[in-house]
Amino acid sequence: MRGAGGAAWAASPFQPRALRASVRCRAGSGLQRRGRLWNRVLSALRAPGAREFQDCGVGLNAAQFKQLLISAVKDLFGEVDAALPLDILTYEEKTLSAILRICSSGLVKLWSSLTLLGSYKGKKCAFRVIQVSPFLLALSGNSRELVLD
Amino acid sequence: MATLRRLREAPRHLLVCEKSNFGNHKSRHWHLVQTHYYNYRVSFLIPECGILSEELKNLVMQTGPYYFVKNLPLYELITPEFISTFIKKGSCYALTYNTNIDEDNTVALLPNGKLILSLDKDTYEETGLQGHPSQFSGRKIMKFIVSIDLMELSLNLDSKKYERISWSFKEKKPLKFDFLLAWHNTGSEESTMMSYFSKYQIQEHQPKVALSTVRDLQCPVLQSSELEGAPEVSCQALELFDWLGAVFSNVSLNNEPNNFISTYCCPQPSTVVAKAYLCTITGFILPEKICLLLEHLCHYFDELKLAPWVTLSVQGFADSPVSWGKNEHGFWKGGEHLYNFVIFNNQDYWLQMAVGANDHCPP
């Protein structure tokens, strides 16, 4: 911490802060043909909006969403890493978007699990990570989403 | 083992917390606000407040305008007319719109007349201008930074340097970008950007304002003299920073430790306030406007108020080539550079400055 005129630093840049990585992501079910699903994912990346995945047909509540994430991590990294403390800070069922919180040491595992998760109950789906930050305040706004006509 | 170690690594980040008093002559708060040039989101939180004062509301509504110009050739920013009309007679800010600093070419005009170009390797070589590699390039240099001092150039428009830059922008590699522009006029004349850039598609925009009142909000208890908090007495600055993010992201603050979905809760000790006022302004916001907001919030406690403190948070553009002053800014897994004031009723303040991986330490 610093006082006026002081020189001490608050945090070493090489000391990861526990429980400080947050991931904001959206999940949705796509169409049956992976080719068209890929196009949909690309178009959503360029122009994220409320109606990215119109053919969802699959509803998930917060508990099911969390179970999906845990099983994704378990499939890739096993039981031990599936027990990483993961919080769903916010969840919107309509847009299937959430803010997740994971410890810094679990960030890569969670993110890679989301990337490689391809289906839920037999339906193809894809996760898109929109923002990642160690600061929750940084996730409350995204300058890349500034849209001007 | 190296693979296992990489699995546990996260991008580095830095949060600097400092405390001071607004009456302290060594306090750097104005300098830090004024040198954080490109601000996307400004928000403040006032506990125990249900209605904003007229003066504060007017300040909030007058944080604009800013301008959006499409396909503006870069040479328009180095013409003597532009320099004498805008750069010399006020503070002119420009930033390319919809360009990702980690992928695309990005240009920014600082209020001191410096034009910063962040270019990929091919574009840099094609412009033929002198620059230096980006400090966050890594082993393979893919990004170059060119810095042009327009104030110095304007002193001698016949110089070879100015001729070379003009030739580069007009003939060698004519670059065009969509720009966000804003101008803080320090003179009495009223040249406006709308008339100056009328031959391009210029639009005027006002920042978006979102106001809300939150009821029964759990707020951490703070002591201005204790940045690191005191057990059972007050919370840490780090905990407050996270809590603030939770409030503005609408995160639930009262989860039980055994809750399956989330275990996040308000840091303890905490108190419940009957109502709190939240305001968020998004757009291309000038440091001068933020200074006015900060000054008003400094004087919020001139009259007796129930609130023990208020906060003012400012988030920069993720794709700006600079964070504070001339400090280079980049985008690794995120492009955050933000700061937050906690203003106490005794004129003490806490200042928290946060940056990501591709950033220098805040000043």
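Derivation of every value follows stated rules applied to the coordinates shown; laboratory data play no part. A quick note: this is a predicted structure, and the numbers were derived from the prediction, not measured. Positions of Cβ are generated from backbone atoms using ideal geometry, with glycine treated the same way; all protein chains shown enter the neighbour counts.
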Subject >> Candidate aspartates and glutamates - alpha carbon under 14 Å from B:K121, same-chain residues fewer than 8 apart omitted >> reply: B:D102, B:E103, B:D104
Subject >> Packing-based exposure ordering (other Cβ within 10 Å, fewest first) of B:E171, B:E239 >> reply: B:E171, B:E239
**OP:** Return the lysines within reach of B:K19: Cα separation strictly under 25 angstrom, same-chain partners fewer than 8 residues apart disregarded; answer none if there are no such residues.
**Re:** B:K289, B:K305, B:K326
Original post:
Using only helices, what value at 222 nm comes out for chain B when you add -39,500 (n - 2.57) per DSSP H run of length 4 or more and divide by the total residues, to the nearest 500 deg cm²/dmol?
Top reply: -5000 deg cm²/dmol
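Full-extension gain between B:V233 and B:S84, please, as 0.36 nm times their residue separation minus the C-alpha to C-alpha distance.
48.0 nm
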Original post:
At B:K176 and B:N254, where each label point lies 7 Å from the Cα along Cα→Cβ, what is the point-to-point distance in nanometres?
Top reply: 5.7
Original post:
Among B:L45, A:L86, which comes first, then next, by fewest other beta-carbon atoms within 10 Å?
Top reply: A:L86, B:L45
**OP:** Please give the residues of region B:29-54, grouped as numeric ranges, whose backbone N is less than 18 Å from a label point set 7 Å along the Cα-to-Cβ vector of B:Q347.
**Re:** B:29-31
Subject >> Other protein chain Cβ atoms within 10 Å, averaged over every residue that makes up B:234-246 >> reply: 3
**OP:** Estimate the FRET efficiency between A:A83 and B:E48 by the formula 1/(1 + (r/R0)^6), using the beta-carbon distance for r and 35 Å for R0, to the nearest 0.05.
**Re:** 0.25
**OP:** Express in nm, to one decimal, how much length is gained between B:D149 and B:K121 on full extension, taking 0.36 nm for each residue of separation and deducting their alpha carbon distance.
**Re:** 7.9 nm
Original post:
In what sequence do B:W183, B:W30 fall when counting other Cβ within 10 Å, fewest first?
Top reply: B:W30, B:W183
Subject >> FRET efficiency estimate (nearest 0.05) - Cβ-Cβ, A:T115 to B:T213, R0 51 angstrom >> reply: 0.80
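Taking R0 as 51 Å, what FRET efficiency do you get between B:L7 and B:S195 from their Cβ-Cβ distance, rounded to the nearest 0.05? Could you put the intermediate results ahead of the total?
Working: r = 57 Å, r/R0 = 1.12.
Efficiency for this residue pair is about 0.35.
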Original post:
What nm value, rounded to one decimal, do you get for the distance between B:H132 and B:E55 when each label is placed 7 Å out toward the C-beta?
Top reply: 4.5
**OP:** State which entries of A:K74/A:K124; B:K143/B:K173; A:K94/B:K333; B:K70/B:K114; B:K57/B:K89 exceed 24 angstrom in Cα-Cα distance in the structure shown.
**Re:** A:K94/B:K333; B:K57/B:K89
